[in-house]
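> Below: one structure in C-alpha cells.
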Amino acid sequence: MTAHPSSEVNTAVQTAIDACATLPGALLPVLHGIQDSLGYIPAAAVKQVAEALNLSRAEVHGVVTFYHHFRDRPCGRHLVEICRAEACQARGARQLETHARKRLGCNLHETSADGGVTLEPVYCLGLCATGPAVTIDGKLHSRVTPERFDRLLERNA
Amino acid sequence: MTPTLYVPRDSAALSLGADEVALKICAEARQRNIDIRLVRNSSRGMFWLEPLIEVETDAGRVGYGPVACDDVTTLFDAGFLQAGAHPLRQGIVDELPYLANQERLTFARAGITDPLSLDDYLQYQGYAGLKRALAMSSDQIVREVTDAGLRGRGGAAFPTGIKWRTVLATDAPQKYVVCNADEGDSGTYSDRMVMEGDPFMLIEGMTIAALAAGATEGYIYVRSEYPHAFRTLQKAIHTAIQQGYLGDDILGSGNTFHLHVRKAAGSYVCGEETAMLESLEGKRGMVRAKPPLPAIHGLFGQPTIINNVISLASVPVILARGAAFYSQYGMGRSRGTLPLQLAGNIRRGGLVEKAFGVTLRQLIDDFGGGTESGRPVRAVQVGGPLGAYLPASRLDTEVDYEALASLGGVLGHGGIVVFDDTVDMAHQARFAMEFCALESCGKCTPCRIGATRGVEVMDTIIAGDRAEQQVTLLRDLCSTMLDGSLCAMGGMTPYPVLSALDHFSEDFAPEPARKTG
C-alpha cells in the first residue's frame, strides 16, 4: 500500500469525521474509520481531526501513538501478524516468529525489502488452543507450522 | 427430508478453514444433486475437532471432525448425511465425554444455535431471564444477582451484586452499563465465544443490568483483534432493536436501553476498567486512580456498571432459574460455574464449563488429555499474562478464587496455558516483563520504568552474568512493582516472574547448571 495523495486523504478523513463526530467519545471511532479506509492514519489527518472534534493536535497525536492498532504510515502490500503471546509460545510461536523473520528478511514492525509484506506482532487472537496463530490481511489462520506459513504466504501474499 | 448440516462460524473454526469447508460441501452437494440445509452454528468449544461438522439425525447430532476440504468428497461417499461411518466420525456430539462431563449453564447453547438467529435463542430459553426481570423491581434484581453469589469473571472476582447496588444507590441524570470485552489475556477466549456464538445472551445480560441500575445507555468495548465478534454484535444489536428487545420501550415495558458496540485499538491495559473508560471517552488508555469508584464516577463522570462479558452473560440464567439454582454449584465463596479455557500445549484444548472446585489436574488430564507434544507437563500458567506459573506438582489445586490466591496466583479469567518440559522459564519471566514494558500505560513509575529494568535484569540473568546478584535485584524490583503500581498491570507482572523464580529456580542459575534444550 502506498501513500495517498492529499485530496484522497482529505476526503477519507472528512468521511470518517462526518460519520462519527457526533458520537460521545468520538476520537477512536473516527480514527478507526480513517484507518479502515486508508490503511493508516496520515500525519495530515491529525490537524483535520483535531479541528473537527475541538481537540488539540497533541491530544489526537497522543491517541494515535498510544494504541498499537493505529499505524502512522502505510504497510506493505500485505500485512502479516504473528501472535507472540504465551499460549502460542507453548505451541511453537517463538520458532514460527524466527522462521518468519528469516523468510521475509525483516524484523517485526518492518516490511520486506520488496515492499510485499509488513510483519507485525499481535498479542492474542483468542485462538489459544490451536496456535500458533497468524493473520494475513486480516484473515485468521491457526496451527501454523513454518511449512504452513510458507504455503499461506505463497497463496496469499 | 432435507438433511441439516452445521458448520461453525467461530473464529477458531474459521482459522482452520471452516468457510472453505462449507463452500466445498455446498459445491459437492450441488454436483451430486442433493438438497441440503447448511447452518453456520457457533462452536462447541472442542477446538481439536474444528472444523467440526454436525449432521442432524433422529438420535441427535452426529459429528465429524476435524474436517479439511480434502475430506469432503470422502464424507459424501461415506454417506455422512445419513451419519455413515467415516474415520472422522465422532459419534453423537452431546454424548462425547468432553461435553457430557461439563456443567454448561452459560454455554448451554454453544454449538447448538445459529448465533444470529433470535428464534434459535428464544427456542433455547433465551430472554426468559429478561422477562422475569421486567416483572421485578431494581432492588429485587440486584438481590437475585447478589444471592447467586456471582463474582466478576474478568479476573478481579468482585461480587457483581454489590457493584450493581452501588450504581443503583447513586443518583445521577445518566447511568451506564459497560461491558469490558477487551479479552487480552493469552489463553482465554470465552468472551470471544460468547460474542461470536451467543451474542443475544450478552445483550440480555446487559439489559437486565440496565434495569437493575436504572441505566439507559450501554457500551460493549470489544478488542480490535476480534473483528468477527465486533461484526456479530453489531448485527445482533440491530436485530434486538428491530424486535423490541432494545430501544425506547423494551418489550412494551416502557423501559429504555440503548446499546452500542465500540472497537478498541490493541492496547492490553485498556482491559483495566478505568483505562477502558478513558478509551471509551476518546482518550489515551491511561489508568485512573481509584477512588472514586467507576460505580459512582464512571463513564463521562456518571455512575457506571462495568462487568466482564462472562459476568454479564451469567446473568440471564441466574434470573431465569433463580439465585438458588445458580449458587448450588461451586465451592466456598466461589459460586456457580466458570468457563475454563484449556490452551497452549494441550491435546484436547477447548472450553470446559464446570462448577468451581474442579482441579487443574482433572482439567488438564481428564478433559485435556495431557500435552499435545506427548511430553510431560512442566508449567501451567493460570489467569493470563499476569497469572502465576504453577509447577506440575501443584495441579491438584482446585479452581477456586481463594485456593489460587493462597498459592500466590490468580484464577483471573479462567485461562489455563500448558507448557511441556521444553519450556525455559527464564525466558517466560523475561517475556512477562517485556509485555509489561510494551503495554504499560506509563502513568506510574514502578510499572513504566520497572518493567524495562526487569527486561534488562532478565537479559543479564539469561546471559549468565552474575546471576545470583541479579536474582536479588529482580526480587527487589518485583516487590517495588507489587506494592507501588497503580493497577494490576505493574502490580501483577511480578506474579509470573516470581512464580517462575520460586518454582523453577534451576532455569535462573548460572551456566552450565542451567537446563539446556
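The values are calculated or read from the model by the stated rules, or taken from the named source; none is laboratory data. Given the structure is predicted, the values throughout are model-derived calculations rather than measurements. No Cβ is skipped: glycine too gets one built from the backbone with ideal geometry, and neighbour counts run over all protein chains shown.
> Within segment A:29-80, restricting attention to residues that are β-branched (Val, Ile, Thr) and part of a helix (DSSP H, G or I), which residue is farthest from the other protein chains (Cβ to nearest Cβ)?
A:Val46
> What are the residues in segment B:368-382 that are of a type outside the set (A, V, I, L, M) and either more than 11 Å from chain A (Cβ to nearest Cβ) or closer than 22 Å to B:Asn101 by Cα (or both), if any? Working first, answer last.
First, pick out the residues of segment B:368-382 that are of a type outside the set (A, V, I, L, M): B:368-376, B:378, B:381.
Those that are of a type outside the set (A, V, I, L, M) and either more than 11 Å from chain A (Cβ to nearest Cβ) or closer than 22 Å to B:Asn101 by Cα (or both): B:Gly368, B:Gly369, B:Gly370, B:Thr371, B:Glu372, B:Gly374, B:Arg375, B:Pro376.
> Please go through segment B:329-373 and pick out each residue that is of a type in the set (Gly, Ala, Ser), part of a loop (DSSP other than H, G, I, E, B) and touching a residue at least 40 places away in the same chain (Cβ under 8 Å).
Residues satisfying the conditions are B:Gly332, B:Gly336, B:Gly349, B:Gly357, B:Gly368, B:Ser373.
For (1) of a type in the set (A, V, I, L, M, F, W, C); (2) in contact with a Lys or Arg (Cβ under 7 Å, 6 or more places away or on another chain), each residue gets a yes or a no:
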{"site": "B:Arg9", "(1), (2)": "no, yes"}
{"site": "B:Leu14", "(1), (2)": "yes, no"}
{"site": "B:Gly17", "(1), (2)": "no, no"}
{"site": "B:Val21", "(1), (2)": "yes, no"}
{"site": "B:Ala27", "(1), (2)": "yes, no"}
{"site": "B:Val55", "(1), (2)": "yes, yes"}
{"site": "B:Pro66", "(1), (2)": "no, no"}
{"site": "B:Val72", "(1), (2)": "yes, yes"}
{"site": "B:Gly91", "(1), (2)": "no, no"}
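Residues checked against (1) surrounded by fewer than 24 Cβ atoms within 10 Å (Cβ to Cβ); (2) in a loop (DSSP other than H, G, I, E, B):
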| residue | (1), (2) |
| --- | --- |
| B:Met201 | no, no |
| B:Arg231 | yes, no |
| B:His238 | yes, no |
| B:Val261 | yes, no |
| B:Leu293 | yes, yes |
| B:Ile310 | no, no |
| B:Ala313 | no, no |
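> Further question: Can you work out which of the residues in segment A:127-157 that are more than 28 Å from B:Gly415 (Cα to Cα) and within 14 Å of chain B (Cβ to nearest Cβ) is surrounded by the fewest Cβ atoms within 10 Å (Cβ to Cβ)? Explain how you work it out, then say what you get.
Quick first cut of segment A:127-157, residues more than 28 Å from B:Gly415 (Cα to Cα) only: A:147, A:150-157.
Restricting the remaining residues to those that are within 14 Å of chain B (Cβ to nearest Cβ) gives A:151-152, A:155-156.
Details: A:Arg151: 11, A:Leu152: 16, A:Arg155: 8, A:Asn156: 13.
Among residues in segment A:127-157 that are more than 28 Å from B:Gly415 (Cα to Cα) and within 14 Å of chain B (Cβ to nearest Cβ), the one surrounded by the fewest Cβ atoms within 10 Å (Cβ to Cβ) is A:Arg155.
> What about B:Thr480, is it over 30 Å from B:Leu351 (Cβ atoms), hydroxyl-bearing (Ser, Thr, Tyr), modelled with pLDDT under 95 and not assigned by TED's automatic domain parsing to the domain that holds B:Asp400? Break it down into steps so the answer makes sense when it comes.
Numbers: over 30 Å from B:Leu351 (Cβ atoms): yes; hydroxyl-bearing (Ser, Thr, Tyr): yes; modelled with pLDDT under 95: no; not assigned by TED's automatic domain parsing to the domain that holds B:Asp400: yes.
Here the answer is no, as B:Thr480 does not meet what is asked.
> Testing B:Ser479 on (1) small (Gly, Ala, Ser); (2) in a helix (DSSP H, G or I); (3) within 14 Å of chain A (Cβ to nearest Cβ), one condition comes back false. Which one is that?
Evaluating B:Ser479 over (1) small (Gly, Ala, Ser); (2) in a helix (DSSP H, G or I); (3) within 14 Å of chain A (Cβ to nearest Cβ) leaves (3) as the failure.
> Follow-up question, since we're still on this one. Filter segment A:127-153 for residues that are closer than 22 Å to A:Arg71 by Cβ and either free of Cβ contacts under 8 Å to residues at least 12 places away in the same chain or in a strand (DSSP E or B) (or both) and give the result.
Residues satisfying the conditions are A:Val134, A:Thr135, A:Ile136, A:Lys139, A:Leu140, A:His141.
> Yes or no: B:Ser485 touching a Cys at 6+ places or on another chain (Cβ under 6 Å), at pLDDT 95 or above and under 23 Å from B:Thr445 (Cα atoms)?
Working: touching a Cys at 6+ places or on another chain (Cβ under 6 Å): yes; at pLDDT 95 or above: yes; under 23 Å from B:Thr445 (Cα atoms): yes.
It is true that B:Ser485 is touching a Cys at 6+ places or on another chain (Cβ under 6 Å), at pLDDT 95 or above and under 23 Å from B:Thr445 (Cα atoms).
> Here's another thing I want to ask about it. Would you confirm whether any residue within segment B:351-359 is in contact with a helix residue (DSSP H, G or I) (Cβ under 7 Å, 6 or more places away or on another chain), closer than 30 Å to B:Gln125 by Cα and of a type in the set (D, E, K, R)?
no
> How many residues are within 14 Å of chain B (Cβ to nearest Cβ) and either of a type outside the set (D, E, K, R) or in a helix (DSSP H, G or I) (or both) if we restrict to segment A:97-126?
10
> In the set B:Ala240, B:Ala264, which member is of a type in the set (Gly, Ala, Ser) and under 20 Å from the mean Cα position of the chain (by Cα)?
Every option except B:Ala264 fails the conditions.
> Looking at A:Gly115 and the list (1) surrounded by 15 or more Cβ atoms within 10 Å (Cβ to Cβ); (2) free of Cβ contacts under 8 Å to residues at least 40 places away in the same chain; (3) farther than 22 Å from B:Thr371 by Cα, which single condition is not satisfied?
(1)
> What residue, of B:Tyr221, B:Tyr245, is closer than 18 Å to B:Ala210 by Cα, in contact with a Lys or Arg (Cβ under 8 Å, 6 or more places away or on another chain) and not aliphatic (A, V, I, L, M)?
Within the list B:Tyr221, B:Tyr245, the selection yields B:Tyr221.
> Quick one: B:Val194 ticks every box in (1) assigned to a helix (DSSP H, G or I); (2) within 15 Å of B:Ser314 (Cα to Cα); (3) away from chain A (no Cβ under 14 Å) bar one, so which box is it?
Evaluating B:Val194 over (1) assigned to a helix (DSSP H, G or I); (2) within 15 Å of B:Ser314 (Cα to Cα); (3) away from chain A (no Cβ under 14 Å) leaves (3) as the failure.
> Restrict the check to segment A:58-67 and report whether at least one residue is in contact (Cβ under 8 Å) with a residue 12 or more places away in the chain and among the small types (Gly, Ala, Ser).
no
> Let me ask something additional. From the set of residues in segment B:318-355 that are surrounded by fewer than 22 Cβ atoms within 10 Å (Cβ to Cβ) and of a type in the set (Phe, Trp, Tyr), which is farthest from the other protein chains (Cβ to nearest Cβ)?
For segment B:318-355, the residue satisfying everything is B:Phe325.
> Continuing with the same structure: Can B:Val455 be described as assigned to a helix (DSSP H, G or I), in contact (Cβ under 8 Å) with a residue 60 or more places away in the chain and of a type in the set (Val, Ile, Thr)?
Taking the combined requirement at face value, the residue does not satisfy it.
> Which residues, counting only those in segment B:177-191, are facing another protein chain (nearest Cβ under 10 Å) and within 27 Å of B:Arg132 (Cβ to Cβ)? Give the derivation first.
In the first step, residues of segment B:177-191 are kept if they are facing another protein chain (nearest Cβ under 10 Å); the result is B:183-191.
Selection gives B:Ser190, B:Asp191.
> Could I ask something else about it? Report every pair of residues separated by at least 6 positions or lying on different chains whose Cβ atoms are under 6 Å apart, first residue within segment B:147-160 and charged (D, E, K, R), second in a loop (DSSP other than H, G, I, E, B).
B:Arg151/B:Ala157
> Right, another one. Can you go through B:Thr170, B:Thr188 and tell me which one is assigned by TED's automatic domain parsing to the domain that holds B:Tyr268, more than 20 Å from B:Glu272 (Cβ to Cβ) and out of contact with any Leu (no Cβ under 9 Å at 6 or more places or on another chain)?
Residue meeting the stated conditions: B:Thr170.
> Tell me which residues, restricted to segment B:397-451, are among the polar types (S, T, N, Q), outside any helix (DSSP H, G or I) and away from every other protein chain (no Cβ under 13 Å).
The one that is among the polar types (S, T, N, Q), outside any helix (DSSP H, G or I) and away from every other protein chain (no Cβ under 13 Å): B:Thr397.
> Kindly provide the set of residues from segment A:9-28 that are within 14 Å of chain B (Cβ to nearest Cβ), in contact (Cβ under 8 Å) with a residue 12 or more places away in the chain and surrounded by fewer than 19 Cβ atoms within 10 Å (Cβ to Cβ), ordered by number.
Within segment A:9-28, A:Ala19, A:Ala21 qualify.
> Ok, one more. Scan segment B:263-274 for residues that are in a loop (DSSP other than H, G, I, E, B) and either facing another protein chain (nearest Cβ under 8 Å) or under 21 Å from B:Leu233 (Cα atoms) (or both) and jot them down. Lay out the reasoning, then the answer.
Here is the first cut: in segment B:263-274, the ones in a loop (DSSP other than H, G, I, E, B) are B:264-267, B:272.
Across segment B:263-274, the qualifying residues are B:Ala264, B:Ala265, B:Gly266, B:Ser267.
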